[in-house]
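The structure appears below as structure tokens.
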């Protein structure tokens, strides 16, 4: 049974179809929430809320993209809602950092980051909140700076500074951890 | 999707799925009830429509039958009139009664 058939059955209250969907994508949903929120407890709450929304929205689901992307979009939105309701833990980059934003730097991660995923996970979890969220959204959705700025409700320069600082902090962490 | 798929995968805590299923149970049950209700309403609606169609069909059929019966009655009347008309004795009696018969006619 493919995902579209599963979602249709979930919309009809089919318990088995829902359980299959949960077991298939629970790692992705929990993982994305954890990366954005940096807290296992919050990630579990958001994951549960996400799945409940999947059930209630399933009857009206329209297959514009994949079911997986749809579920992960709900996860991302739920995670961002938590942060916005609570308030950001850290401040936006100051105007003094605009100099960084003016430099057209392509944000890239070195290949070794991909080879040290566990360290990278730890490094990202230790980032200041705005840097972490900006970086995670950039990595997850491969969005442009302007798309990210719209998503986060901040200007493009602020996005560039956040991503630049996030990369710096990760590199610093990796060096300190002896990569 | 992202080339960082492995980065975003994370095994959730034990019983994570079970907790989700527990929380989801009432909503799934409600959706199943709504589906059954929809099906039942559809079935009742279809049965009602079929019943209504049968009643109208019967009424129409009976009216048609009634029209045909009147036609037959009319034809029968004509035939019986013809029978009466061919019965000469009866004709004579009738005409006598009506004082219409001339002497030379008898």
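The values are calculated or read from the model by the stated rules, or taken from the named source; none is laboratory data. Computed from a predicted structure; not experimentally measured. No Cβ is skipped: glycine too gets one built from the backbone with ideal geometry, and neighbour counts run over all protein chains shown.
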Exercise. (1) within 12 Å of chain B (Cβ to nearest Cβ); (2) loosely packed, with under 15 Cβ neighbours inside 10 Å: which one isn't true of residue A:4, the others all being true?
Worked result: (1)
For this session: Within the range A:77-85, identify whether any single residue is in contact with a helix residue (DSSP H, G or I) (Cβ under 6 Å, 6 or more places away or on another chain), within 14 Å of chain B (Cβ to nearest Cβ) and at pLDDT 90 or above, and answer yes or no.
Result: yes
For this session: For the range B:7-29, enumerate the residues that are more than 7 Å from chain A (Cβ to nearest Cβ) and in a helix (DSSP H, G or I).
Result: B:18, B:22, B:25, B:26
Exercise. Out of all the residues in the range A:34-49, which are surrounded by 20 or more Cβ atoms within 10 Å (Cβ to Cβ) and within 9 Å of chain B (Cβ to nearest Cβ)?
Worked result: A:34, A:35, A:43, A:47, A:48
Problem set entry | Hits in the range A:121-179 (condition: within 22 Å of residue A:43 (Cα to Cα), modelled with pLDDT under 90 and either in contact with a strand residue (DSSP E or B) (Cβ under 7 Å, 6 or more places away or on another chain) or exposed (fewer than 15 other Cβ atoms within 10 Å of the Cβ) (or both)) | A:142
